[in-house]
Each structure stands twice: as structure tokens, then as C-alpha cells.
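Bear in mind these aren't lab numbers, they're just calculated from the coordinates by the rules spelled out. Quantities reported herein were computed from a predicted structural model and do not represent experimental measurements. Positions of Cβ are backbone-derived with ideal geometry, glycine not excepted, and every protein chain shown enters the neighbour counts.
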Amino acid sequence: MPTDASESNDEEFPNPPDELANWVVDPLQSQSIPKLERVIEYAEELIAYKSRPVSSAETSSTESDAGGGETVETLPQKQQSAQDRQRRQKEIETMSKSERIALSDEELRRYGTVEIRKLDCGPGCKQCPHGPYRYCVYRNSKGTVTSKYAGKAGSE
């Protein structure tokens, strides 16, 4: 004789990814299908937001990463899909300094906005500012604007 439907379903929830914390997994497992579908929609919106291109207003805020200085030229990131930006973000985060230095300005623009900066090294230096130096400005895996040194400018 059939019993309550919840009693006849002995299957376990699917195993969550190891890197997903229990405080994320446990509440998800208690949600209805429509709410889970909305979670998926929101997660996709959040991914799009965190992987959006860096705006010109945001590039100047990264100068503190390099110890200050002045941006003398900006070459915006090339237009590409959100998936391509995410893939490139992973590439540049694993790329070595020498690999970044070997890239041309046009190649760097696939990874982010290229900024040409002149930097001050500190008080008492009579030769400041130094440079110009190239930096690639992009969003990291957390969606935060960051920059990486990409060599001296004009050395291509």
C-alpha cells in the first residue's frame, strides 16, 4: 500500500561542490523549485555584474595599487562577450609577469583596459615621476577592479 510520497523517496540530495560552504548548501536544499530557479537567475545576473568591463571612472581608482602616480594614457578593453571576459580574467590571473610584459598593448586589451602611468617612488627623489609603465586593469575573480604591471610603455 502506497504511503506518503516523501516516505517513498529515499534518494539523497546530489553532492555539492567541495568548495561550496555548508552555510550556502543547506539553505539551498530547503528551497522550492521556483525559488531555486530564481537563485539561478540571480547568480547569472551577479556573474554578469562582477565580470562587466572596467569603466573609465574605475580605472583611476586602481592607481593606489601601484603606489600612486598619474595616468597619462588609457586604452579601453576590447569589446567581448561576458564568457570571453571571464575566460581572459582567469588567464591573466595565472599569467606570469614576464608573459604579461611580452604582450603588446593590443594583446593586453583582450584582458582589460591598458593604462600608461608615471609613478612617484617616494619623497626626496629628484627624478620622479618614473615611467611610463603599462598596467592592465581588469576585474579579478571576486569582481574587484585590480591592475597588474605589464612592463615599460613604448618598448614594443
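Listed values, structure above:
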{"quantity": "Candidate values [x] 9.1; [y] 13.3; [z] 10.2, label of the one derived for mean projected area of the Cα convex hull in nm²", "calculated": "[y]"}
{"quantity": "Sequence-separation-based contact order of the chain, relative, with Cα cut under 8 Å and 6+ spacing, percent", "calculated": "23 percent"}
{"quantity": "Computed label-point distance, nm, for sites L20 and K142 using a 7 Å Cα→Cβ extension", "calculated": "2.2 nm"}
{"quantity": "Packing-based order for 17-29, 121-133, using average beta carbon neighbours within 10 Å, highest first", "calculated": "121-133, 17-29"}
{"quantity": "Residue pairs, from the table K35/K148; K90/K152; K126/K152; K78/K126, whose Cα atoms sit over 28 Å apart", "calculated": "K35/K148; K78/K126"}
